[in-house]
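Colleague: The following block contains the structure, expressed as C-alpha cells.
The values are calculated or read from the model by the stated rules, or taken from the named source; none is laboratory data. Model, not experiment: these values are computed from the prediction. Positions of Cβ are generated from backbone atoms using ideal geometry, with glycine treated the same way; all protein chains shown enter the neighbour counts. Heavy atoms of the whole protein, side chains included, go into the accessibility calculation; ligands, DNA and RNA do not. Shrake-Rupley method; radii C 1.70, N 1.55, O 1.52, S 1.80 Å.
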Amino acid sequence: MSTTQESTVRVQPADEDESWRGVAAEDVAELDHAVSLKLQARSRRLLGSLLRPRLGASLLALAIVIAENAAQLAGPLLIAAAIDRGVPAAVAGRPGALAWCVAGYAGVGLASAALRHAFLRVSGRVGQDLLLDLRQRVFRQVQRLSVSFHESYTSGKVISRLTSDLDSLDDLLEMGLDGFLSSVFSVVGIAGLLLWLDLPLGLVVLAGFVPLTLVTRWFTSASRRAYRNTRGAIAKVIIQFVETMNGIRAVQAFGRERRNESIMGELNDRFRVANAEAMRVTARFVFAVRLVGNVSLAVVLAIGAWRVAHGGLEVGVLAAFTLYLRRFYDPLDDMAMFANAYSSAAAALEKISGLLEEVPELPEPATPVPLARPRGEIRFAGVEFRYGPRTPVVLPAFDLHVPAGQTVALVGPTGAGKSTIAKLVARFYDPTTGTVSLDGVNVRDVADAELRRAVVMVTQENFLFSGSVADNIALGRPDASHAEIEAAAAAVGAHEFIAALPKGYDTDVRKRGGRLSAGQRQLVAFARAFLADPAVLVLDEATSSMDIPTERAVQAALETVLAERTALIIAHRLSTVLIADRVLVVDGGRIVEDGPPRALIARAGGRFADLHHAWRESLALQRQGD
C-alpha cells in the first residue's frame, strides 16, 4: 500500500491541451493560470446548476438578509436620535421622543431576531437540498463510470469526494454563507450611512479600503492554493485508511501494522502541514483587516473628538459613527472567515466537478438496438484490444464464433487473454478495433440495462453485500419470489447450507459476506446469476474457491443449469472444463486449439492433452498424499 506521489508536471493551457478535463488535474501540484481559470469556471457552472432549481428560495433568503440588516442598521440611528433629541426633550419635560426611540429600538431588535430565525430556516433547507442533490449526483456518476475508471481512481478518492469534500461545502453553506451575506449588506449599508452621517469621516474610513483590497487579492490567491493542497492531502489519508481496512486480513497476517502506521503518520503530517499553512494565510489576512480597522477607528475618534470640541460635530453623531464603525469592521472578520471556508469549499468543488465531468468510456448508444429474445450467439470479428494506448496488445486480430446454447471453455496460461475475452463479451471494455456482437448486434449498440440482463458474469471474487442471503441472490431480480430464490439456490446445490444457517435465507451475511466461507459465497454468487436467467453466462475462475466435494456438487448443477444457455467458462481446474461442448486453448491472445474436450485430449502432443495429462498426474499425487 504505497502512497501516491504528487505530480509536479505543469498542466498546459486548455487551448493547447484538454488533458486537464475530468479528474486529470487532481494530483497536479502546480496548475497553469489558464487551466486554473478553466477549473474555476467549471466549478461555478456546477454550483449554478445546483442553485438554479432553488432560485426562488435562494432569492427569498436574500430578501430576508436584506431586511434583517436594515433592521440592525436602524439601531445606531435610533441611539443617535435618542442622545441628540430624545434626552434633551425628556429633560425639558417632553419624554415622548425618547419613548419612541426606545420603543423603536426594541421593535427593530425583535424584527431582527424574527428575520434571523426565518433566514436560518430557509437557507438551511436550501443548503441541505443542494447537498442532497450533489451527493446523489456524485453517487450516480460513480456507478455509471466504466470499470477501467474505477481501476485507476481508487475507492478512497470516491469516499473523499463524498465525505470530506462535501463536508467543506456543508460548512460553507451552514456557517460561511450566512455570515458572508450579512457581512456584505452590513458593509454596504454601513458605508452609505457613514458617508451620510459625516462625509469627511466617511472618506477617512473608505480610505482604508485601499490596503484592504490589496490584502484581499493576495488572500484569495494564497488561500485557494493552500486549500487545494489540504483537499489533496486529506484524500490521501482517506485512501490509505480505506486500503488498510479493506486489506486488514493481509495486514495482520503479514505484520504490516507498524509500516502502515508509519505511512499514515507521514500522510497525516502532510495534512497537518497543509492545514497549518492554510491557517497561517488566514491569520495574516485577519491581522491585516483588524489592523486597518483599529487604525481607522483611532483616526476617526481623534478627528471626531477634535470636531466635537470645536462644535463642528454632534456627540450623538460621533457615537453613532463609532458604533457603525465597529460594525463596519467586525463583518470584515466574518468575510475573512467566509473567504477561508470558500477557499476550502472551492477546492472541494473543483475536485467534485472534475469527477462529475468524467465521461464513461463505454457510453450508452444514442439509438439502442433492442434484443427482443436474446439467444446468446457470440461473435468476435477482427477484434484487437489493449487496455491502454501505451500498453501491449492483448488480443491481436481475434476472431471467434460461439453458436447460441454452446458451452465453451477457455484454457491457457495466465495472461493469455482469457479474462479479456470474457470482459469484452460483458462489455466491461470495448475492443480497440473490430466488433463483438450478441445475436448479430454489436454490443456497443445494445442499451446497458438490456445487455446486463442478457449477459451475466460470475468471477472468483464475487462480491456479497451486507444483508440477507435472499437479498444477495435476488440482486439481479429484486422482484423475485422466495420460491424462485430457493429454486435458484437448489439448482446450484446451495439450498442445504443456506437452510442450515441460523435464520435460513434471512441470515445476514455481514460485510462482504464474511459470515460465509469462500465456497459458500461462490455458491450464492452462482445462485444470483442463475436467478437472473441470462442468455449468456460467463464463469471466470468461478469454481476456484470451492473444495472438491462442493465442486462436484456444482458440476452436477452446472450441467443442468447451462443447458440451452450460452456459457463461457474460464477455469484452471479441468474438471470444470470437461463439461463444456468445446474447448479453446488460448495463448498470446490467439486460439491455438479448438475442439471438443475429448477430441483434444486424444490429440497426442496437443496443448490441451498436455494440460489434461498434467492435471491427472496432480490428482494422482494428491490422492497419494491423502
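Colleague: What distance in nm separates the simple spin-label points at residue 326 and residue 214, each placed 7 Å from Cα in the Cβ direction?
Modeller: 3.0
Colleague: Given a cut-off of under 8 Å on Cα pairs at least six residues apart, what relative contact order in percent is computed for the range 249-384?
Modeller: Relative contact order, the range 249-384: 23 percent.
Colleague: From the P(r) of the range 342-412, could you give the percentage of C-alpha pairs in the tail past 15 Å? Present the calculation step by step, with values, prior to reporting the outcome.
Modeller: Numbers: 1922 of 2485 pairs.
Considering the range 342-412, 77 percent of its Cα-Cα pairs are separated by more than 15 Å.
Colleague: So if each residue of separation counts as 0.36 nm, and I subtract the Cα-Cα distance between residue 598 and residue 154, what length gain in nm does that give?
Modeller: Between residue 598 and residue 154, full extension yields an extra 155.4 nm.
Colleague: Something else now. Provide the packing ranking of 346-359, 405-418, i.e. peptides ordered by the mean count of other C-beta atoms within 10 Å per residue, highest first.
Modeller: On the way: 346-359: 21.7, 405-418: 20.0.
The packing order, highest mean first, is 346-359, 405-418.
Colleague: Continuing with this model, one more query. Starting from 0 in steps of 5 Å, tell me what percent of the Cα-Cα pairs of the range 353-498 lands in each bin.
Modeller: Histogram of Cα-Cα distances, whole percents per bin: 2, 8, 14, 17, 17, 16, 13, 8, 4, 1, 0.
Colleague: Right, here's the next one. Restricting to Cα pairs below 8 Å that are 6+ residues apart, what does the relative contact order work out to for the chain? Please round to a whole percent.
Modeller: On the way: 896 pairs, mean separation 84.0, N = 626.
Over the chain, the number comes to 13 percent.
Colleague: Read phi for every residue in the range 401-413 and hand back ³J(HN,Hα) as whole Hz from Karplus 6.51 cos²θ - 1.76 cosθ + 1.60, θ = phi - 60°, with x for Gly and Pro.
Modeller: 10, 10, x, 4, x, 8, 9, 10, 9, 10, 10, x, x
Colleague: Between residue 188 and residue 499, what is the spin-label point distance in nm, taking each point 7 Å from the Cα along the Cα→C-beta axis?
Modeller: 7.5
Colleague: Which lysines have a Cα lying under 25 Å from the Cα of residue 351, excluding residues fewer than 8 positions away in the same chain?
Modeller: 38, 157, 236
Colleague: Taking each pair of different alpha-carbon atoms in the range 215-348 once, compute 1/r for the pair, average those values, and report the inverse of that mean as the Kirkwood hydrodynamic radius in Å to one decimal. Kindly include the intermediate steps, with their values, before the conclusion.
Modeller: Numbers: mean 1/r = 0.0541 Å⁻¹.
By the Kirkwood definition, the hydrodynamic radius is 18.5 Å.
Colleague: Further question on the same structure: Enumerate the whole-percent occupancy of each 5 Å bin, from 0 to the last occupied one, for all C-alpha pair distances of the range 459-542.
Modeller: 3, 17, 30, 29, 16, 5, 1
Colleague: With a 1.4 Å probe and all protein chains kept in place, how do 68, 243 rank by accessible area, largest first?
Modeller: Details: 68 10, 243 65 Å².
Final ranking, largest accessible area leading: 243, 68.
Colleague: Charges at C-beta only: +1 for Lys and Arg, -1 for Asp and Glu. How large is the resulting dipole of the range 450-534 about its Cα centre, in Debye rounded to 20?
Modeller: Numbers: 10 positive and 10 negative charges, 75 e Å.
The calculated dipole for the range 450-534 is roughly 360 debye.
Colleague: Please give the FRET efficiency for residue 221 paired with residue 99, using the beta carbon to beta carbon distance and R0 = 41 Å, rounded to the nearest 0.05.
Modeller: 0.15
Colleague: What is the angle, in °, between the Cα long axis of helix 96-144 and the longest principal axis of the Cα atoms in the chain? Nearest 10 is fine, range 0 to 90.
Modeller: So the helix axis and the longest Cα principal axis differ by about 20 degrees.
Colleague: I'd like the FRET efficiency for residue 490 and residue 449, computed as 1/(1 + (r/R0)^6) with the beta carbon distance as r and R0 of 30 Å, rounded to 0.05. Numbers along the way, then the final one.
Modeller: Working: r = 28 Å, r/R0 = 0.93.
After rounding to 0.05, the efficiency reads 0.60.
Colleague: Calculate the spin-label point distance for residue 508 paired with residue 384, positioning each point 7 Å from the Cα along the beta-carbon direction, and give it in nanometres.
Modeller: For residue 384 paired with residue 508, the spin-label model returns 5.3 nm.
Colleague: So if I restrict to the alpha-carbon atoms in the chain, what is the Rg, and what is Dmax, the biggest pairwise distance, in Å?
Modeller: That works out to 35.1, 126 Å for Rg and Dmax.
Colleague: Report, by chain and number, residues whose modeled amide H sits under 5 Å from the one on residue 569, excluding near sequence neighbours (fewer than 5 apart, same chain).
Modeller: For residue 569, whose amide H was placed from the backbone, the distant partners under 5 Å are 408, 409, 410, 539.
Colleague: For the chain, what does the accessible surface come to per residue with a 1.4 Å probe? Please give it in Å². Don't jump to the answer; show the numbers that get you there.
Modeller: Working: 31030 Å² over 626 residues.
Each residue of the chain exposes 50 Å² on average to a 1.4 Å probe.
Colleague: Something else now. Could you sort 378, 303 by their accessible area in this structure, using a 1.4 Å probe and putting the largest first?
Modeller: On the way: 378 5, 303 65 Å².
Heavy-atom accessible area, descending, gives 303, 378.
Colleague: Compute the long axis of helix 257-309 from its Cα atoms, compare it with the longest principal axis of the Cα atoms of the chain, and write down the angle in degrees, 0 to 90, nearest 10.
Modeller: The angle comes out at about 20 degrees.
Colleague: When the dipole is taken about the Cα centre of the chain, and only Lys, Arg (+1) and Asp, Glu (-1) are charged at their Cβ, what size is it in debye, to the nearest 20?
Modeller: Values: 67 positive and 66 negative charges, 210 e Å.
Here the chain has a charge dipole of around 1000 debye.
Colleague: Mind ranking 562-571, 454-463, 252-261 by how tightly packed they are, going by the mean number of other C-beta atoms within 10 angstrom, highest first? Write out the running numbers ahead of the final one.
Modeller: Numbers: 562-571: 20.6, 454-463: 18.6, 252-261: 11.3.
Ranking, from highest mean packing down: 562-571, 454-463, 252-261.
Colleague: Once both axes come from the Cα atoms, what is the angle between helix 548-561 and the longest principal axis of the chain, in degrees from 0 to 90, rounded to 10?
Modeller: 90
Colleague: Moving on. For residue 615, what accessible surface area do you get with a 1.4 Å probe? Give it in Å², rounded to 10.
Modeller: 50
Colleague: I've got another one for you. Round to the nearest 10 and report in Å² the accessible area of residue 533, as given by a 1.4 Å probe over the protein chains' heavy atoms.
Modeller: The value for residue 533 is about 100 Å².
Colleague: If you don't mind, there's one more thing I want to ask. Report the gain in length on full extension from residue 295 to residue 432: 0.36 nm times residue separation, minus Cα-Cα distance, nm rounded to one decimal. Please list the in-between numbers first.
Modeller: Details: separation 137, 0.36 × 137 = 49.32 nm, distance 6.86 nm.
Here the segment from residue 295 to residue 432 would lengthen by 42.5 nm.
Colleague: Next up: Kindly provide the helix-only [θ] at 222 nm of the chain, computed as the sum of -39,500 (n - 2.57) over DSSP H runs of four or more divided by all residues, to the nearest 500 deg cm²/dmol?
Modeller: Details: 23 runs with 380 residues, N = 626.
When only DSSP H runs of four or more count, the value is -20000 deg cm²/dmol.
Colleague: How much FRET efficiency would the formula 1/(1 + (r/R0)^6) give for residue 84 and residue 302, where r is the Cβ-Cβ distance and R0 is 25 Å, rounded to 0.05?
Modeller: On the way: r = 21 Å, r/R0 = 0.86.
In this case the efficiency is close to 0.70.
Colleague: A further question on this structure: Would you mind checking the range 431-472 for residues with the amide N under 17 Å from a putative spin-label position 7 Å along Cα→C-beta of residue 253?
Modeller: Once the point is set 7 Å along Cα→Cβ of residue 253, 460-462 turn out to lie under 17 Å by backbone N, inside the range 431-472.
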